[in-house]
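The block underneath contains the structure these notes are about, expressed in structure tokens.
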Amino acid sequence: MKILVFGAGVLGSLYAARLHRAGHEVALYARGIRLTALTANGVQLEHALTGMKETVRVPVIGEVDAETTYDLVLVLVRADQLAVAAHSLADHRASRSVLFMVNNPAGIEALRRTVGAERLLLGLAGAGGYREGDTVKYIVLSRMLQPTTIGAPLGGGTARLRETCTALRSAGFPVAVNRHMDAWYKFHAAWVTPVAYAIYAARASGSDLAGRPDLVRESVDATRELWRALEDLGYRLTPTRLRLIRILPRWILVPAITGFMRTELADAAAVRHTEAAPQEMGLLAKQISAVTQAAGVPTPTWSRLFRAGESTRLSLVMEASS
């Protein structure tokens, strides 16, 4: 496939490199210092757990030509960059499919208006990581934890969806299709945001959170509150594996999560991103709170956890902007 990857952060760099290595014709859109570094040195990858390094020379562009046709435009930016990315692609009508792999609990109507329902695909990456200098330290998540998940906005399967799944699998990403991506975004945000705020409440430290079972318990209870509100609004819990968080007793779930927070996998997949993306986490918290408030269901644990972590998140925002 001829693929434009829009966004050269951790995930954009990783997906572009793997798709290029798999034989697809990839162009990676980057700007500023990142554009200069990628042009000079290629995408530098290092597996966060094994330390295996590689450099992939992906073609890099600094401007998107509205007339250039791609089989797929793959948008991998943070949630707080989504509106700008969608606006940048508003005039790009030549390509067949535009896949936004961005957590978006606020709803997908704006994206449908921007790129058209007939071209829009929705998804969420099945990978995580962080950057050290120009090196992307990454982890690809297993199918059990979170595969790369994609779907069409109206559900069902289409030729474009099948082609995209085939391309992503060829690049070594476990892939799942979900027919209810709008609900998936909401339930996912209602899970990762309380975990992020528990990390902030533990001084933005995964190891400190591992020593605070009280905060882990609050993140579980806050998630369940937000999920209950979503279900009262008519959304169905998806994907089905999240039901474990609903049905497992806290005396099993809290120690399991506490132990996980001590691992290198948790550090690479969750903690580093939470530290590096306080603006995104603040936006997701605002969006999921706005959605669930419409249900009129009390969420006292989530409110308490939000207050406990917000000061640390704001200090990280100030550090990032200074």
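Since every read-out is calculated from the coordinates, none of them should be taken as a lab result. Nothing here was measured: the structure is a model prediction, and the numbers come from that model. Positions of Cβ are generated from backbone atoms using ideal geometry, with glycine treated the same way; all protein chains shown enter the neighbour counts.
Output the Cα-based Rg and Dmax of segment 183-321 in Å, rounding Rg to one decimal and Dmax to a whole number.
Over segment 183-321's Cα set, Rg and Dmax evaluate to 14.1, 41 Å.
Among Tyr70, Tyr15, Tyr197, which comes first, second and so on when ranked by fewest other beta-carbon atoms within 10 Å?
Placing the least packed residue first, the sequence is Tyr70, Tyr15, Tyr197.
Fewest to most neighbouring Cβ within 10 Å: what's the order for Glu63, Glu163, Glu132? Can you show the working numbers first?
Working: Glu63 8, Glu163 15, Glu132 12.
With the fewest neighbours first, Glu63, Glu163, Glu132 line up as Glu63, Glu132, Glu163.
Quick one: compute the contact order of segment 210-265, relative version, from alpha carbon pairs under 8 angstrom and 6+ residues apart, as a percent.
57 percent
To make sure I understand, if each residue's beta carbon is the centre and we count other beta carbons within 10 Å, what order do Thr312, Thr68 fall in, fewest to most?
So the residues, fewest neighbours to most, are Thr68, Thr312.
What percent does the relative contact order of the chain come to when contacts are Cα pairs within less than 8 Å and at least six residues apart? Don't skip to the end; give the middle numbers.
Values: 587 pairs, mean separation 54.4, N = 322.
Once divided by the residue count of the chain, the mean separation gives 17 percent.
When Lys and Arg each count +1 and Asp and Glu each count -1, what net charge do the other residues less than 12 Å away from Glu46, Cβ to Cβ, add up to? Intermediate values should be presented prior to the final figure.
On the way: positive: Lys53, Arg131, Lys137; negative: Glu54, Glu132, Asp134.
In short, 0.
Could you give the length gained on full extension between Thr69 and Asp208, defined as 0.36 nm per residue of separation minus the Cα-Cα distance, in nm?
Separation in residues times 0.36 nm, less the Cα-Cα distance, equals 45.2 nm.
I'd like the distance separating the alpha-carbon centroids of segment 162-230 and segment 1-26, in whole Å.
Using only Cα atoms to place each centre, the spacing works out to 24 Å.
Multiplying the sequence separation of Arg236 and Arg31 by 0.36 nm and subtracting their Cα-Cα distance, what value in nm do you get?
On the way: separation 205, 0.36 × 205 = 73.80 nm, distance 3.91 nm.
Additional length available on full extension: 69.9 nm.
How about Lys286: which aspartates and glutamates have a C-alpha closer than 15 Å to its C-alpha, ignoring those fewer than 8 places off in the same chain?
Partners found: Asp80, Glu310.
Go ahead and collect, in residue order, the members of segment 261-281 whose backbone nitrogen is under 18 Å from a label point 7 Å along the Cα-Cβ direction of His87.
280, by backbone N distance to the label point.
Fully extended, how many nm does the chain gain between Asp134 and Ile61 (0.36 nm per residue separation, minus their Cα-Cα distance)? If you can, show how the numbers build up before the last one.
Numbers: separation 73, 0.36 × 73 = 26.28 nm, distance 1.71 nm.
Between Asp134 and Ile61, full extension yields 24.6 nm more.
I need the helices of the chain that pass two filters: whole DSSP H segments spanning 18 Å or more by Cα along the axis, and mean Kyte-Doolittle score no lower than -0.5.
The qualifying helices are 181-201, 278-293, 300-321.
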